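Have a look at the structure below, then the notes.
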């Protein structure tokens with residue numbers, strides 16, 4: 001039993017329920033989610049990819065576009081050179097498996113550590129309405145890779161761009177059923193104005209976010 005399961009079991013026991021959810025309880029939750037009424041939304045028509053790029057840039061991310069996954073390594077190398085950044089990065093294993101040979105960029109498929117300056121990830125989904133990246137944690141999609149490095153490069157296939165947050169949650173539940181340990185949303189570089197109302201970039205995470213849209 002995981003620590004999460006142990007905590008939830010203790011809560012259920014304290015409430016007088018069994019230590020584990022029954023099939024009937026799970027079915028009731030699924031039925032309630034399926035029957036929920038969506039909240040009111042602004043009726044604004046837009047094309048997904050142009051809107052996503054526009055909103056990324058509005059949130060201070062930079063954006064590049066390439067045709068295929070095979071073009072990603074060259075696009076990353078170009079960005080690192082333009083910004084005079086280190087030519088090594090931690091990356092999700094699937095991205096590290098691309099052909100980086102001719103780029104001069106050293107990419108390791110592992111979770112980012114505190115000394116990594118560049119992290120490269122994919123996304124689970126991307127939200128066009130707000131220019132937001134949705135990332136799910138797993139053994140092969142490490143959360144630290146988007147959180148620890150100063151520079152986060154995100155690879156976004158156009159097929160994974162959805163209209164709004166509501167569609168992102170519906171599609172995620174449809175594809176996965178059960179949510180993973182962590183769901184992170186990234187809307188541009190980390191920022192805060194908590195101290196004297198002065199905006200600080202990179203306060204709680206990367207201070208650069210570069211999005212490469214594929215397709």
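The values are calculated or read from the model by the stated rules, or taken from the named source; none is laboratory data. In this text, all values refer to a predicted model and were calculated from it rather than measured experimentally. Don't worry about glycine lacking a Cβ; one is built from the backbone with ideal geometry, like all the others, and counts go over all protein chains shown.
Go through the residues of region 28-47 one by one and say whether even a single one is outside any loop (DSSP other than H, G, I, E, B), modelled with pLDDT of 95 or more and either touching a helix residue (DSSP H, G or I) at 6+ places or on another chain (Cβ under 9 Å) or assigned by TED's automatic domain parsing to the domain that holds residue 148 (or both). Checked region 28-47: no residue is outside any loop (DSSP other than H, G, I, E, B), modelled with pLDDT of 95 or more and either touching a helix residue (DSSP H, G or I) at 6+ places or on another chain (Cβ under 9 Å) or assigned by TED's automatic domain parsing to the domain that holds residue 148 (or both).
For region 57-93, residues that are crowded, with 19+ Cβ neighbours inside 10 Å, under 17 Å from the mean Cα position of the chain (by Cα) and farther than 23 Å from residue 140 by Cα total 1. Within region 49-72, is there a residue that is in the same structural domain as residue 106 (by TED's automatic domain parsing), more than 26 Å from residue 187 (Cβ to Cβ) and free of Cβ contacts under 8 Å to residues at least 60 places away in the same chain? Yes, region 49-72 has at least one match.
For beta carbons closer than 8 Å, sequence separation of 6+ or different chains, a first residue in region 92-114 that is in contact (Cβ under 8 Å) with a residue 40 or more places away in the chain and a second that is in a helix (DSSP H, G or I), the qualifying pairs are 92/145; 95/72. Condition check for residue 104 on (1) within 17 Å of residue 206 (Cβ to Cβ); (2) loosely packed, with under 15 Cβ neighbours inside 10 Å; (3) in contact with a helix residue (DSSP H, G or I) (Cβ under 8 Å, 6 or more places away or on another chain): one failure, at (1). Could you tell me whether region 173-180 includes any residue that is without any contact (Cβ under 8 Å) to a residue 60 or more places away in the chain, surrounded by 16 or more Cβ atoms within 10 Å (Cβ to Cβ) and within 30 Å of residue 47 (Cβ to Cβ)? No, every residue in region 173-180 fails to be without any contact (Cβ under 8 Å) to a residue 60 or more places away in the chain, surrounded by 16 or more Cβ atoms within 10 Å (Cβ to Cβ) and within 30 Å of residue 47 (Cβ to Cβ).
For residue 111, the conditions (1) part of a loop (DSSP other than H, G, I, E, B); (2) within 25 Å of residue 52 (Cβ to Cβ); (3) at pLDDT 95 or above all hold with the exception of (2). Looking across region 48-65, the residues that are touching a helix residue (DSSP H, G or I) at 6+ places or on another chain (Cβ under 9 Å) and assigned to a helix (DSSP H, G or I) come down to 48, 49, 52.
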